[in-house]
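Contents: one structure, followed by commentary.
The values are calculated or read from the model by the stated rules, or taken from the named source; none is laboratory data. Source: prediction; values computed, not measured. Cβ: placed from backbone, ideal geometry, glycine included. Neighbour counts: every protein chain shown. Accessible surface is based on the protein model in full, side chains and every heavy atom, while ligands, DNA and RNA are left aside. Shrake-Rupley method; radii C 1.70, N 1.55, O 1.52, S 1.80 Å.
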Amino acid sequence: PIAEKLSQWDFNSPNIASVLSVQNGIGKSHLATCIYKKYVYELILQSFNRLVVSEDYTDNPVELSMWANDSWKNQSYHKYEFLSEKKIALIIQDSFNNKSSSQYDILENYCKLDFLVIDDCFSMKQNEFARQNIFYIIDERAEWNNKPTFITSNLSLKEIADIDTRIADRIRNSMMFQITDKVESYRKKI
């Protein structure tokens, strides 16, 4: 039922979707990957439809083959990313050593992405630095930039609220799914 509801998500209303469960190995990251692929697929489909509807390519198949060779990306450039909270923290920490980008620049880059998946969010729940960065990204994306974000976490909504009530408030919506039923880890089946 969760996968079915997520397949209907339009990435706009609400602009945050999440799957929360204290259990490991039940498919949260798999669902996140499916949502990510759905977003990319819809971009490709929209681009292809714009190309075919707006132009008559019956006499010029070369143009259509250009689309098939990734030229569509230049028509409507979208930025999207799939990463974990831990990776975000490592990228920011690495910037302190190599001075290639500031913490602000890195955070703003994530805030401005057209679509962002944060897998294993709040896995660094005891880390105040990571929590502040995650709050900044979620708040900017949801409240100010209106950008779609998908989150998975091994924490319940109550545990997230214990870490930061503002974050819990932003992810509490019609596309938040909290799995409480006991499900066997697929890793144990292997």
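Just one of (1) among the aromatic types (Phe, Trp, Tyr); (2) open to solvent by 10 Å² or more (accessible area, probe 1.4 Å); (3) at pLDDT 90 or above trips up Tyr186, so point out which.
That leaves (3) as the condition not met.
For segment 137-153, what are the residues that are modelled with pLDDT of 95 or more and either more than 22 Å from Tyr39 (Cβ to Cβ) or of a type in the set (Gly, Ala, Ser) (or both)?
Listed by number, the list holds a single entry, Ser153.
Regarding segment 9-31, can at least one residue be identified that is open to solvent by 60 Å² or more (accessible area, probe 1.4 Å), at pLDDT 90 or above and under 23 Å from Asp139 (Cα atoms)?
The answer is yes; a qualifying residue exists.
So Phe122 clears everything in (1) open to solvent by less than 30 Å² (accessible area, probe 1.4 Å); (2) modelled with pLDDT of 95 or more except one condition, right? Which one?
Against the list (1) open to solvent by less than 30 Å² (accessible area, probe 1.4 Å); (2) modelled with pLDDT of 95 or more, Phe122 comes up short only on (2).
Quick grid of which residues meet (1) open to solvent by 60 Å² or more (accessible area, probe 1.4 Å); (2) more than 16 Å from the chain's Cα centre (by Cα):
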| position | (1), (2) |
| --- | --- |
| Ile134 | no, no |
| Asp139 | no, no |
| Ile151 | no, no |
| Ile160 | no, yes |
| Ile167 | no, no |
| Ser174 | yes, yes |
| Phe177 | no, no |
| Lys182 | yes, yes |
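Counting just the residues of segment 92-119 that are among the hydroxyl-bearing types (Ser, Thr, Tyr) and open to solvent by 80 Å² or more (accessible area, probe 1.4 Å), which one comes out nearest to the chain's Cα centre (by Cα)?
The selected residue is Tyr104.
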